[in-house]
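Please read the structure below before turning to the comments.
The values are calculated or read from the model by the stated rules, or taken from the named source; none is laboratory data. Predicted model only: the values in this text are computed from it and were never measured. Every residue, glycine among them, receives a Cβ derived from its backbone with ideal geometry; neighbour counts consider all protein chains shown. These area figures cover heavy atoms from the full protein model, side chains too; ligands, DNA and RNA do not enter into them. Shrake-Rupley method; radii C 1.70, N 1.55, O 1.52, S 1.80 Å.
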Amino acid sequence: MAGASSVLTDDSWLSKFDRKLYRIEGALAFIGGLAVFSLMLMAVASVGGRNFLNRPLPGYVDWIQQAMPLIAFVGIAYTQRDGGHIRMDILVGKLKGRPLWTAEFISTAVMLLLMLLLMWGSWAHFARSFDLAAPMWSRDSSMDIGIPLWPTKLLAPFAFFILSVRLSLQLWGYGRALRTGTHEPVAVPLIEDAATLAAREAEHVSGFDEPEDAK
């Protein structure tokens, strides 16, 4: 069966792991949303303090710097699971069966390789900032109110790790589909035509189902 996204589910271990990972990804995306909402409240407080009290919120730019990785990184695995990242659907959508799964397998493998390299590089960047012997375990801090930067730098390799797990799961799903030749693999985002996509997005935006007596 299909869920709210274009990802099919069944009772296999692959699908069960996909759904468990999706809950983690959803929680991280929710935290990213809270970061956006918090920045909005801080902007109101800072502008209001400047206009009415002649005293803007101290360290506002520092907190923006801290929140950026939350906004930019923690939701990428959630979006990848639902197939929400930019992709060449016009080109790939013309493929069917094993040629489609081959193309998806190769592109997912390339993305996984890139994420592993980014995870390695961002972890090294975090390691240069973190020091147990330093005050607040940090070798660097924000310019205004001195917030340690290592927690923010740790978010990047963590988010890339979650995305790498997601890509590994999808790589297994595409490989399984390539081996079996199925047209409806589980745990991977399926390409939808424009009409199906528009109908699903309209249902999602409406937020409620049509009453039974109205049908």
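The table for this structure:
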quantity	calculated
Members of the stretch 89-113 found to be surrounded by 16 or more Cβ atoms within 10 Å (Cβ to Cβ) and either at pLDDT below 85 or among the aromatic types (Phe, Trp, Tyr) (or both), listed by number	TRP101, PHE105
Members of the stretch 181-215 found to be open to solvent by 80 Å² or more (accessible area, probe 1.4 Å), part of a helix (DSSP H, G or I) and either closer than 16 Å to SER12 by Cα or modelled with pLDDT of 70 or more (or both), listed by number	GLU201, GLU203, VAL205
All positions within the stretch 66-88 that are among the hydrophobic types (A, V, I, L, M, F, W, C) and open to solvent by less than 50 Å² (accessible area, probe 1.4 Å)	ALA67, LEU70, VAL74, ILE76, ALA77
Candidate set from the stretch 154-179 (those that are open to solvent by less than 40 Å² (accessible area, probe 1.4 Å) and not hydrophobic (A, V, I, L, M, F, W, C)); member that is farthest from MET68 (Cα to Cα)	GLY175
Lone unmet requirement of (1) on the phi > 0 side of the Ramachandran plot; (2) free of Cβ contacts under 8 Å to residues at least 60 places away in the same chain for LEU95	(1)
Pairs with Cβ under 7 Å, 6+ apart, first in the stretch 40-56 and over 18 Å from ALA67 (Cα atoms), second of a type in the set (Gly, Ala, Ser)	ARG55/GLY49; PRO56/SER46; PRO56/GLY49
Residue ID - most open to solvent (accessible area, probe 1.4 Å), chosen from residues in the stretch 19-62 that are under 21 Å from SER142 (Cα atoms), touching a helix residue (DSSP H, G or I) at 6+ places or on another chain (Cβ under 8 Å) and at pLDDT 90 or above	VAL36
Condition check for GLY32: of a type outside the set (A, V, I, L, M) and in contact (Cβ under 8 Å) with a residue 40 or more places away in the chain	yes
Some residue of the stretch 45-57 being under 17 Å from the mean Cα position of the chain (by Cα) and among the hydroxyl-bearing types (Ser, Thr, Tyr)	no
Test set (1) in a helix (DSSP H, G or I); (2) of a type in the set (A, V, I, L, M); (3) at pLDDT 90 or above - LEU132 fails condition number	(1)
Index of the failed condition, ILE145 passing every other in (1) in a loop (DSSP other than H, G, I, E, B); (2) open to solvent by less than 20 Å² (accessible area, probe 1.4 Å)	(2)
